Amino acid sequence: MPSFDGCAVITGSASGIGRATAKLLAGTGYRVACLDSDEQSARATSDELGDGNLAVRVDVSNEEQVCAAFRNVAERFGHIDALATCAGVMDTTDFMELSSERFRRVYEVNVLGTFLCVREAAKHMRKGSRICLVASISGLRGKGIVGVAPAYTASKGAILALAKAAAWSLAEREIAVNVVSPGPTESPMIATDGARGSDTIGNIVHRLGKPEEIARAIAFLLSPDASYISGSNLVADGGLAMH
């Protein structure tokens, strides 16, 4: 990975892919703002990264909190150079049992939350800055990693479309927007739903991905090495999409 000297904002940085991404980017020279609704764990991530980093508590579905969080980051670091939207929730409720309330909550966090963070980050970005959204292979397959998971699947499909819309919208600012679609990855979210054996995973490498592997895909799309890439989706799923 090349070295950097700038500010990266990572949502969902308390654990899983977000935490791994924060650690990787800090290791390349970024000053990292760790955003999460779990302030204590976000602060633990920030402390592990060393001095000069920041932890901010934010519910990404709350517009007021998101606006305040990004103002806070910009005041601390002057500007934002990279954003990775790793915050998200999973819901595996069956289609016919899914309430509008549960469906709406998943969308509020996964889709509205992603949009708000992109919009607010862009206000503080310079030309050449980069954004990576985190979707899921579920958004391509129409099927969740654990079961069908209609609310989760629909929300991740929406993020794929949002990434393209954001890439178009921010091109005039010379801000690139891409998306990573992970397959089943070791995380608290997956552990809760019990996706463990290769028969459940269903990919051709017969294992869960590691958060660090997804973090490297995100870091690539945030790096100068991806300077000719915008509006694209990088699938990191161990071959699951081929099924």
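No lab work stands behind these numbers, since they all come straight from the coordinates. In this text the structure is predicted, and so the values were computed from the model without any measurement. Don't worry about glycine lacking a Cβ; one is built from the backbone with ideal geometry, like all the others, and counts go over all protein chains shown.
In what sequence do Leu133, Leu170 fall when counting other Cβ within 10 Å, fewest first?
On the way: Leu133 27, Leu170 20.
Starting with the residue having the fewest Cβ neighbours, the order is Leu170, Leu133.
Counted by neighbouring Cβ atoms within 10 Å, the residues Ile204, Ile175, Ile218 run from fewest to most as Ile204, Ile175, Ile218. The charge dipole of segment 1-157, taken about its Cα centre with unit charges on the Cβ atoms of Lys, Arg (+1), Asp and Glu (-1) only, comes to about 540 debye. What FRET efficiency do you get for Ser99 and Arg57 if R0 is 25 Å and r is their Cβ-Cβ distance, rounded to the nearest 0.05? E(calc), rounded to 0.05, equals 0.35.
Think of segment 1-63 as a dipole: +1 on every Lys or Arg Cβ, -1 on every Asp or Glu Cβ, centred on the Cα centre; then among Gly12, Leu24, Gly52, Leu24 lies furthest on the positive end. Under the criterion of Cα pairs below 8 Å and six or more residues apart, the relative contact order for the chain equals 19 percent.
For the peptides 176-188, 96-108, 29-41, 117-129, the ranking by packing is 176-188, 29-41, 117-129, 96-108, with the highest mean count of neighbouring Cβ atoms within 10 Å listed first.
Its Cα centre serving as origin, segment 30-116 has a Cβ charge dipole (Lys and Arg +1, Asp and Glu -1) of approximately 240 debye.
Between Ala171 and Arg71, the FRET efficiency from the beta-carbon distance, with R0 = 25 Å, is close to 0.55.
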